[in-house]
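Here, each number is a calculation from the coordinates, and none is a lab measurement. Since we're looking at a predicted model, the values are computed, not measured. Here Cβ is always computed from backbone atoms with ideal geometry, including for glycine, and neighbour counts include all displayed protein chains.
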Amino acid sequence: APTGFGVFGGLGTVMLGAVGVLRKVLILGLWPVGAVGLWRLSKPIGSRRSRIVATVAYVVVALPANSMAEGRWGGLVAYAAIPWIVSQLAAASRLAPFGDLSGSAGPGLRHRPLLHRILAVGAIAALAAVIEPAIVALMVLCALALVVGGLIAGQLAGAGRILVVGVGGAIVAVVLQLPWSLTVSDGWSALVGVSSMNGYPADLGDLLRFGTGPFGTGPMSWALLATGALPLLIGRRW
């Protein structure tokens, strides 16, 4: 049986049988959980204004709104978990400002062994996989994306540690979900089949703006992409 049966049964007991209230908390609480994760992810930057901008950008992206509008709980869970996962991957790289490689470490940074990072990211993925099993594959893809981004920027330092934490965390998540994880067979369709699961055909432009539903397809949605591209074009250091 899926691990979620036991998790939701236990939480229902804690809520004294108020499963309706539990459902609302688990759905509406995901957005702020992700925002807190993004706030923590941007802490080493050292600029409060930058952290506010990053968190606001996270909140206004259309993906969680579309997931909520269409009743896709998995999208909300993945969107809430990714900032926490990327935070662990970035810290594992030890690249400035998340470490002391190629620059000075940012404020409030704690150096932890790779094993701690692997266990932390594995626990996060396992918790999210209770609702969205594809998060395990997404975590590995995030690690690969960070490594590819480093290669494009000519920065190879930290790539091995990122891959070790990403792949190691995926293994931990699968182990924590045993024996159910051995029976999950639709992970690939859950990962790539978003546009075929709703009534909104999505082209490449819609996907780049996360316009997978009724929100995020207007011309203003390109502003976030332009804002994100600007420092990549003009920046010379982190």
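Of note:
- Modelled label positions at Ala223 and Gln155, each set 7 Å beyond Cα in the direction of Cβ, lie 2.8 nm from each other.
- At least 20 Å along the helix axis (C-alpha) and Kyte average at least -0.5, DSSP helices within the chain: 73-93, 114-129, 135-152, 159-176
- Legend: calculated FRET efficiency, Ser102 to Ile234, from the Cβ-Cβ distance at R0 = 25 Å, rounded to 0.05, equals 0.85.
- Over the chain, dividing the summed -39,500 (n - 2.57) contributions of all DSSP H runs of at least 4 residues by the number of residues returns a 222 nm mean residue ellipticity of -20000 deg cm²/dmol.
- Among 62-72, 143-153, 31-41, 219-229, the order from most to least packed when residues are scored by Cβ within 10 Å on average: 62-72, 31-41, 143-153, 219-229
- Across every direction, the projection of the convex hull enclosing the Cα atoms of the chain has a mean area of 13.9 nm².
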